[in-house]
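The structure under discussion appears below in the form of structure tokens.
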Amino acid sequence: MIIFRYLIREILITMGAIAAVLLLVIMGNQFIGYINDAADGDFPINLVSTLMLYQVPSFLQLILPMAFFLGYLMAYGQLYLNYEMIVMQACGFSPMKLLSYALWPGMITALIVAACSLWLTPEGLHNNAVSMNTQSSRLDFSVITPGRFQDIGHHKTVYVSKMTDHGTQIHDIYVLDTLPGNTSSVIRAESGSQFDNSRQGNRYLRLSNGFEYKVTPGQGDAEVSSFDHYYRIIQRNTTVNSDTGPEQMSTGTLLAEGGNQAIGEIQYRVSLILMVPILALLGISLSRLNPRQGRFAKLLPALLLYIVYVSLIIAAKDTVQSGKLPSMIGVWPVHIIFLSLGLWLAYRTYGTRGKR
């Protein structure tokens, strides 16, 4: 029992450290991308934290199996380097018994990956898509940066000199719009605000004290009109485009829908769970080290093996979804190959000693 607790603790601590570092690196890179998009006016800055939160499960479902695999190799490899594994095997601890100990943290990892791949990831991706579609369908002052020309969609470009009253009032405004008939409209106003029509559900931009210039390319004249107040609809009460791909659909919806797209996505989600015990089997052989090799001797081969494993699963999923591979075959040959590899490595490394 003491050895069991010791091994479980070593695997979980190493796995947690690896997962935390990888998650920090990936989320940092994603965060920089979202910040750049927010700076370009694609969505308000206060939406970044929500988008990041929804992305976490999609990162974890790929990070955790790799973190478990590497943590397992490092924890058991350390036992070989310190000659502890030799002592335990002399006391009757066979490699297969030690593998059964590693399956406990593997089971925890598989449960978390299952929750992410089957439920949290599609829910998060769907919420992200809805948030982005909602934001792209409207003009909100929260995405406007004073002193910059910004594309706000629907062939509109806006420039605002400054904003006051916590972003509710804008001043010195230019709005460029493309009208039917290849006519361009340029509006210049001293101030503006936005308001919602609660009855119609539309949002309007109200500009004050300005001019509108309508120009058609190729013509030497322009139509100029002045106004005290100018109202323009900037968001209609329309349903946000909620078309989703298979990766954004719930597992229940995919099971009910069927088809190559749905089946490929389901097999991919299940594959992320099946990877964990197969990686544990591979690790029982790869963790065996010669004390002169060093603790990190097999980390690079293990990492490459994991990358190949995941890449083949993704390639098989895409092939199933494109209809080039029968869904009955699907991604399962990939798991059979790596399961067979794990069994062969275990037999080659330990031979009949693993049966005791």
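Derivation of every value follows stated rules applied to the coordinates shown; laboratory data play no part. Please read these numbers as outputs of a predicted model, since none were measured by experiment. In this analysis, Cβ positions are derived from the backbone assuming ideal geometry, glycine residues included, and neighbour counts consider all displayed protein chains.
Go ahead and run the numbers for FRET between Arg232 and Leu23, Cβ-Cβ distance against an R0 of 56 Å, rounding to 0.05. Before the final figure, lay out each step's value.
Details: r = 44 Å, r/R0 = 0.79.
Once the sixth-power term is evaluated, E becomes 0.80.
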Review point. Which whole-Hz couplings ³J(HN,Hα) result when phi for each residue of the stretch 189-195 is put into the Karplus expression 6.51 cos²θ - 1.76 cosθ + 1.60, θ = phi - 60°, listed in order with x for Gly and Pro?
Key: 9, 6, 8, x, 7, 10, 8
